[in-house]
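Here's the structure we're looking at; comments come further down.
The values are calculated or read from the model by the stated rules, or taken from the named source; none is laboratory data. No experiment lies behind these values; they were computed from the predicted model shown. Here the Cβ is made from the backbone with ideal geometry for all residues, glycine too, and neighbour counts use every protein chain on show. With ligands, DNA and RNA removed, areas are computed over all heavy atoms of the protein, side chains included. Shrake-Rupley method; radii C 1.70, N 1.55, O 1.52, S 1.80 Å.
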Protein chains: 2
Amino acid sequence: MPGTIKEVAERAGVSITTVSRVINGNPKVRQDTRERVYEVIKELGYVPSAIARGLTLGRTHTIGLILPEIADGFFSQVIRGADEAAVRQNFHLLVSTFHSHRSDEELSFRLLGEGRVDGLILMDPTLGDDFLMEFHRSSFPIVVLCKKIKYTNCKYVVIDDLQGAYQAVVHLIKHGYKRIATIRGPLDNYDAFQRLAGYKSALKDYNIKLNPEYIVDGNFQWEGGESAMHILLDLVQPPDAVFAANDPMAIGAMEAVKKRGLSIPKDMAIIGFDDIELARLVTPPLTTVHLPMYELGAMAVESITGMLKGKSTRRKNILKTGLVIRKSCGC
Amino acid sequence: MPGTIKEVAERAGVSITTVSRVINGNPKVRQDTRERVYEVIKELGYVPSAIARGLTLGRTHTIGLILPEIADGFFSQVIRGADEAAVRQNFHLLVSTFHSHRSDEELSFRLLGEGRVDGLILMDPTLGDDFLMEFHRSSFPIVVLCKKIKYTNCKYVVIDDLQGAYQAVVHLIKHGYKRIATIRGPLDNYDAFQRLAGYKSALKDYNIKLNPEYIVDGNFQWEGGESAMHILLDLVQPPDAVFAANDPMAIGAMEAVKKRGLSIPKDMAIIGFDDIELARLVTPPLTTVHLPMYELGAMAVESITGMLKGKSTRRKNILKTGLVIRKSCGC
DNA sequence: TCTCCTTGTGGAATCGGTTTCATAAAATAT
DNA sequence: ATATTTTATGAAACCGATTCCACAAGGAGA
């Protein structure tokens, strides 16, 4: 409680209006008055109350960030990106998760309805469009992560999985591998679908015939990758390179290769997807597609602050992935 | 903008005082009045403004959490613990990091001075006592993590490293290992010091003579652990078990053992400290001391909310570590 | 019947700022 | 010297709640 504007005003012998002007850099204050006020402010260690300000201005300079989980390698990078972007814009970040014991609605309700935040960043694969619809009526700045929103005009930021997969497979092609297989994710998963599409697209662009035997099902888990790789190795003509739709499967696949006494990347090149922490720790270090989670958080914040400043930001933002070249591809 | 209390009052044909009473569960409202107000509230989708409330009550129901880094396995667990505790207490969490381009002071200043938060949780090994002193004058609830505070009466929560190390070494002793060595951390590190003390204490309590050769320097890094283990293995009488002061060193040590063609835990048992994610992924899975980061965050929040509610909470809180028994100890 | 409590309700001050509008003083134009 | 504009300043309304205090109505007690 470092004093109020009133105290400053009295002490400086001016009105609170003048003090307010000084604080906000309003030029219509005489130089000597300004200096006197500044002096008192310093003397009292006065800091204007963000709450009072928020009440009059209707702005809290705070953005809500709601994630499915916090203690997760990916999500925590989203937070970091959001935090740094928020700081750049002089905003604060209210972080929370969807907790089982309170509904999505309740949480978002409180944050927005109570006016705690100026905007909301939501990341939840299970989020329904209708739920978002309801919110959007309130004309609150809302940005949804990793999910395309159909029916409302909420903004969203997604990661271009297709391009990432494409790039990975092209990398393998340019390495000279001829028989490139893929271990795909579960069919109902949108990301898995996109990554498979990227694989197919790359082969097509380089005139490599698609061999159905080279597309094996995985479950996005370690074990799925391992058994999928065994299937591939048992083929009459096994592939010489594999693109796994995520890192755990890639690492499982590596394990299978090793168990057969084969070497990576000499006998079998492998590229994963996600760039989990473990990827650079396995032997050989896994070449993989990096997900720009940091940028995702940062862009979401910038999208929100942009909206708040009245800039017309684009409704859809697509972030490119990046290929992280390590050893498992043969580089 | 789900309406204001004024609109509700008008619509319900009562004064805002009455509406306020209804919202806050004040019993001095006739039943039928209450129902009428509730109806209007529902109809309008009215949610009271937390900002306005904050202004009058001087409480924001928000706690600031400032960490050195966010995208880190440990810190993100602190956030999660804090988040869940905050939700339980109906509080919100404002998360940020000390950013290089703004001073500690500036950040804490803003959060507290501006009245954005009701209390602050600080985690920063470099935090100076004098810095905290200055803040404590303001009688704000502040809790410092993982750092003992001498000169002020700030609360703090620390992890009992000594006890953790003690427990780990005792576990090795009870396994029947006779020659237990340790790879310690850098001497100037308080945690490293505590862990070494725990090691010594355990040996002493079990009447095992301390062999100076069995205390090798490490640097808390992977490589340091590896070279330290080589030193141990080159001894005339190498140890049969090693307690490494953190997991990276333990994993480096495992690597050294493997390179010599020895097996873990048959030829050499190893216990680490920290329980990093990688610990359960190495082969064999590393037995290690788990740091209760989740509890740290949760306890800090509870300490703050306790203070806010006027409970006299203890100034110092010590959290116990827990031994995570996996395979590297021989279990 | 007249006072004295309850009980339910509302008016108005308050929290700490911002902002509109009025006004006094100073500067410029006539 | 007077009229007009500009500049610096302050009074007061407002943001959306809470809360103290006043007050009217109804019931109990004398």
> In this structure, is B:PRO48 within 14 Å of chain A (Cβ to nearest Cβ), surrounded by 13 or more Cβ atoms within 10 Å (Cβ to Cβ) and more than 8 Å from DNA strand D (Cβ to nearest atom)?
Replying inline: no
> Which pairs do you get when a residue that is closer than 11 Å to A:GLY54 by Cα, found in segment B:50-67, comes within reach of a residue that is open to solvent by 60 Å² or more (accessible area, probe 1.4 Å), reach meaning Cβ atoms under 6 angstrom, with the pair 6+ apart or on two chains?
Replying inline: B:ILE51/A:LEU55; B:ALA52/A:LEU55; B:LEU55/A:LEU55
> Of the residues that sit in segment B:54-66 and are within 13 Å of DNA strand C (Cβ to nearest atom) and out of contact with any Ser or Thr (no Cβ under 9 Å at 6 or more places or on another chain), which one is farthest from B:LEU132 (Cα to Cα)?
Replying inline: B:THR56
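Answer with yes or no whether B:VAL324 is under 26 Å from A:PHE74 (Cα atoms), β-branched (Val, Ile, Thr), in contact with a strand residue (DSSP E or B) (Cβ under 9 Å, 6 or more places away or on another chain) and open to solvent by less than 10 Å² (accessible area, probe 1.4 Å).
Taking the combined requirement at face value, the residue does not satisfy it.
Considering each residue of segment A:8-35, count those that are more than 14 Å from chain B (Cβ to nearest Cβ) and either of a type in the set (S, T, N, Q) or in contact (Cβ under 8 Å) with a residue 24 or more places away in the chain (or both), and give that number.
Final tally of qualifying residues: 10.
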>> Exactly one of these conditions fails for A:ILE70: (1) surrounded by fewer than 22 Cβ atoms within 10 Å (Cβ to Cβ); (2) at pLDDT below 95. Give me its number.
In response: (1)
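Looking at segment B:1-34, which of its residues are assigned to a helix (DSSP H, G or I) and open to solvent by 100 Å² or more (accessible area, probe 1.4 Å)?
B:LYS6, B:GLU10, B:ARG11, B:GLN31
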>> What's the number of the only condition in (1) more than 16 Å from DNA strand D (Cβ to nearest atom); (2) within 12 Å of chain B (Cβ to nearest Cβ) that A:GLU43 fails to meet?
In response: (2)
> What strands (runs of 3 or more DSSP E), lying completely within segment A:173-252, carry at least 3 residues that are not small (Gly, Ala, Ser)?
Replying inline: A:180-184, A:215-217
> Only one residue in B:ASP240, B:ASP275, B:ASP267 is open to solvent by less than 50 Å² (accessible area, probe 1.4 Å), on the phi < 0 side of the Ramachandran plot and among the charged types (D, E, K, R), so which one is that?
Replying inline: B:ASP240
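Would a scan of segment A:30-42 turn up a residue that is on the phi > 0 side of the Ramachandran plot and within 12 Å of DNA strand C (Cβ to nearest atom)?
No - not one qualifying residue is present in segment A:30-42.
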> For segment A:51-98, what are the residues that are among the hydrophobic types (A, V, I, L, M, F, W, C) and facing chain B (nearest Cβ under 7 Å)?
Replying inline: A:ILE51, A:ALA52, A:LEU55, A:ILE70, A:ALA71, A:ILE79, A:VAL87, A:LEU93, A:LEU94, A:VAL95
>> For segment A:278-302, give me the residue count where each residue is polar (S, T, N, Q) and crowded, with 24+ Cβ neighbours inside 10 Å.
In response: 2
>> Let me confirm something: among B:THR305, B:THR321, which residue is among the hydroxyl-bearing types (Ser, Thr, Tyr) and under 23 Å from B:HIS175 (Cβ atoms)?
In response: B:THR321
> Looking only at strands (runs of 3 or more DSSP E) that fall completely inside segment B:266-323, which ones have 2 or more residues that are under 26 Å from A:GLU277 (Cβ atoms) and touching a residue at least 40 places away in the same chain (Cβ under 8 Å)?
Replying inline: B:269-271, B:288-290
